[in-house]
Amino acid sequence: MFDYDDQNIFAKILRGDIPNSTVFENEFALAFNDIQPQAAVHVLVIPKGPYVSLDHFAAAASPEEQVGFFAAVSEVCTITGVKAGFRAIANTRGHGVQDVPHFHLHIIGGQQLGRMLPAG
Ligand code: 5GP
(Lines give C-alpha, C1' and ligand atoms only; values in the text may rest on other atoms or scores of the structure.)
Protein backbone atom coordinates (compact mmCIF):
# COMPACT_ATOMS: atom_id res chain seq x y z
CA MET A 1 0.00 0.00 0.00
CA PHE A 2 2.84 2.42 0.79
CA ASP A 3 5.45 2.75 -1.98
CA TYR A 4 8.55 4.69 -0.98
CA ASP A 5 10.47 6.65 -3.64
CA ASP A 6 14.09 7.01 -2.50
CA GLN A 7 14.66 9.87 -4.95
CA ASN A 8 12.58 12.30 -2.87
CA ILE A 9 14.32 15.39 -1.53
CA PHE A 10 14.35 14.28 2.12
CA ALA A 11 15.90 10.93 1.19
CA LYS A 12 18.64 12.96 -0.52
CA ILE A 13 19.06 15.06 2.64
CA LEU A 14 19.35 11.87 4.73
CA ARG A 15 22.03 10.55 2.36
CA GLY A 16 23.93 13.82 2.66
CA ASP A 17 23.47 14.63 -1.04
CA ILE A 18 21.71 17.90 -0.17
CA PRO A 19 22.76 20.11 2.76
CA ASN A 20 20.41 20.98 5.59
CA SER A 21 20.33 23.19 8.66
CA THR A 22 20.23 20.50 11.35
CA VAL A 23 18.48 21.29 14.63
CA PHE A 24 18.76 17.82 16.18
CA GLU A 25 19.68 14.28 15.16
CA ASN A 26 19.53 10.90 16.85
CA GLU A 27 19.75 7.29 15.62
CA PHE A 28 16.21 7.29 14.26
CA ALA A 29 15.37 10.84 13.27
CA LEU A 30 16.72 14.06 11.79
CA ALA A 31 15.30 17.52 12.48
CA PHE A 32 16.18 20.52 10.31
CA ASN A 33 14.90 23.99 9.51
CA ASP A 34 12.35 24.28 6.73
CA ILE A 35 13.82 26.01 3.68
CA GLN A 36 10.71 28.22 3.41
CA PRO A 37 9.75 28.91 7.04
CA GLN A 38 6.12 29.82 7.67
CA ALA A 39 6.82 31.22 11.16
CA ALA A 40 9.73 32.17 13.43
CA VAL A 41 10.16 28.47 14.25
CA HIS A 42 9.58 25.98 11.44
CA VAL A 43 11.40 22.69 11.88
CA LEU A 44 10.82 19.44 10.00
CA VAL A 45 11.31 16.20 11.93
CA ILE A 46 11.77 13.14 9.73
CA PRO A 47 12.40 9.48 10.49
CA LYS A 48 15.55 7.99 9.00
CA GLY A 49 13.60 4.98 7.77
CA PRO A 50 11.75 4.85 4.42
CA TYR A 51 8.22 5.90 5.38
CA VAL A 52 6.05 7.97 3.05
CA SER A 53 3.55 9.34 5.53
CA LEU A 54 2.37 9.49 9.14
CA ASP A 55 -0.01 6.57 8.69
CA HIS A 56 2.73 4.50 7.03
CA PHE A 57 5.12 5.29 9.88
CA ALA A 58 2.52 4.52 12.55
CA ALA A 59 1.65 1.20 10.90
CA ALA A 60 5.10 -0.06 9.96
CA ALA A 61 7.87 1.56 12.01
CA SER A 62 9.33 -0.46 14.88
CA PRO A 63 8.74 0.63 18.49
CA GLU A 64 12.37 1.79 18.63
CA GLU A 65 11.92 3.95 15.54
CA GLN A 66 8.70 5.45 16.89
CA VAL A 67 10.18 6.20 20.31
CA GLY A 68 13.32 7.63 18.68
CA PHE A 69 11.24 9.82 16.39
CA PHE A 70 9.15 11.29 19.20
CA ALA A 71 12.26 11.73 21.35
CA ALA A 72 13.55 13.94 18.53
CA VAL A 73 10.26 15.87 18.49
CA SER A 74 10.65 16.46 22.23
CA GLU A 75 14.23 17.68 21.78
CA VAL A 76 13.18 20.04 19.00
CA CYS A 77 10.48 21.56 21.20
CA THR A 78 13.05 22.15 23.93
CA ILE A 79 15.76 23.47 21.61
CA THR A 80 13.43 25.87 19.80
CA GLY A 81 11.84 27.06 23.05
CA VAL A 82 8.23 26.83 21.92
CA LYS A 83 6.90 26.80 25.49
CA ALA A 84 4.11 29.23 24.63
CA GLY A 85 2.76 26.75 22.10
CA PHE A 86 3.23 25.44 18.61
CA ARG A 87 1.51 23.49 15.87
CA ALA A 88 2.53 20.03 14.64
CA ILE A 89 1.39 19.23 11.12
CA ALA A 90 1.77 16.05 9.06
CA ASN A 91 0.41 16.84 5.62
CA THR A 92 -0.58 13.52 4.04
CA ARG A 93 -1.11 12.62 0.36
CA GLY A 94 -3.41 14.52 -1.97
CA HIS A 95 -6.15 15.79 0.31
CA GLY A 96 -3.51 16.75 2.87
CA VAL A 97 -1.39 18.56 0.25
CA GLN A 98 1.81 16.64 0.95
CA ASP A 99 4.62 17.72 -1.38
CA VAL A 100 7.50 15.55 -0.19
CA PRO A 101 6.73 11.80 0.01
CA HIS A 102 8.87 11.09 3.07
CA PHE A 103 7.04 11.38 6.39
CA HIS A 104 7.78 14.68 8.11
CA LEU A 105 6.27 16.49 11.04
CA HIS A 106 6.25 20.28 10.77
CA ILE A 107 6.87 21.95 14.15
CA ILE A 108 5.70 25.53 13.71
CA GLY A 109 5.71 28.24 16.37
CA GLY A 110 7.79 30.96 17.94
CA GLN A 111 4.96 33.43 17.41
CA GLN A 112 1.16 33.64 17.60
CA LEU A 113 -0.40 31.47 14.90
CA GLY A 114 -3.77 31.82 13.23
CA ARG A 115 -6.55 29.31 13.63
CA MET A 116 -6.53 26.24 11.46
CA LEU A 117 -7.86 25.53 8.84
CA PRO A 118 -8.40 28.09 6.10
CA ALA A 119 -11.30 27.19 3.82
CA GLY A 120 -10.12 25.16 0.89
P1 5GP B 1 4.77 19.21 2.73
O2 5GP B 1 3.89 20.06 1.88
O3 5GP B 1 5.26 17.98 2.01
O4 5GP B 1 4.15 18.92 4.07
O5 5GP B 1 6.01 20.12 3.10
C6 5GP B 1 7.27 19.98 2.55
C7 5GP B 1 8.14 21.04 3.20
O8 5GP B 1 9.47 20.78 2.84
C9 5GP B 1 7.83 22.47 2.76
O10 5GP B 1 7.51 23.25 3.90
C11 5GP B 1 9.10 22.93 2.07
O12 5GP B 1 9.41 24.28 2.31
C13 5GP B 1 10.14 22.00 2.65
N14 5GP B 1 11.26 21.72 1.77
C15 5GP B 1 11.20 21.34 0.46
N16 5GP B 1 12.43 21.15 -0.03
C17 5GP B 1 13.29 21.38 0.99
C18 5GP B 1 14.72 21.34 1.09
O19 5GP B 1 15.44 21.03 0.15
N20 5GP B 1 15.25 21.65 2.30
C21 5GP B 1 14.47 21.99 3.38
N22 5GP B 1 15.11 22.28 4.51
N23 5GP B 1 13.14 22.04 3.32
C24 5GP B 1 12.55 21.75 2.13
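Details
- Close amide H contacts of Thr92 (hydrogens built in the peptide plane, cut-off under 5 Å, sequence separation of 5 or more or a different chain): Val97, Gln98.
- Over the chain, relative contact order from alpha-carbon pairs under 8 Å, at least 6 apart, %: 30 percent
- For the chain, the solvent-accessible area with a 1.4 angstrom probe is 60 square angstrom per residue.
- Summarising the overall dimensions of the range 1-96 from its C-alpha atoms, the Rg and Dmax are 13.3, 38 angstrom.
- Potential extension, Ser74-Ala58 segment - 0.36 nm per residue separation minus Cα distance: 4.0 nm
- FRET E, pair Arg15, Val97, Förster distance 22 Å, beta-carbon r, rounded to 0.05: 0.30
- With all protein chains in place and a 1.4 Å probe, the accessible surface of the chain carries 54 percent carbon and sulfur.
The values are calculated or read from the model by the stated rules, or taken from the named source; none is laboratory data. All of these numbers come straight from a predicted model, not from anything done at the bench. Note that we place each Cβ from the backbone using ideal geometry, even for glycine, and neighbour counts take in every protein chain shown. For accessibility, only protein heavy atoms count, side chains too; no ligands or nucleic acids. Shrake-Rupley method; radii C 1.70, N 1.55, O 1.52, S 1.80 Å.
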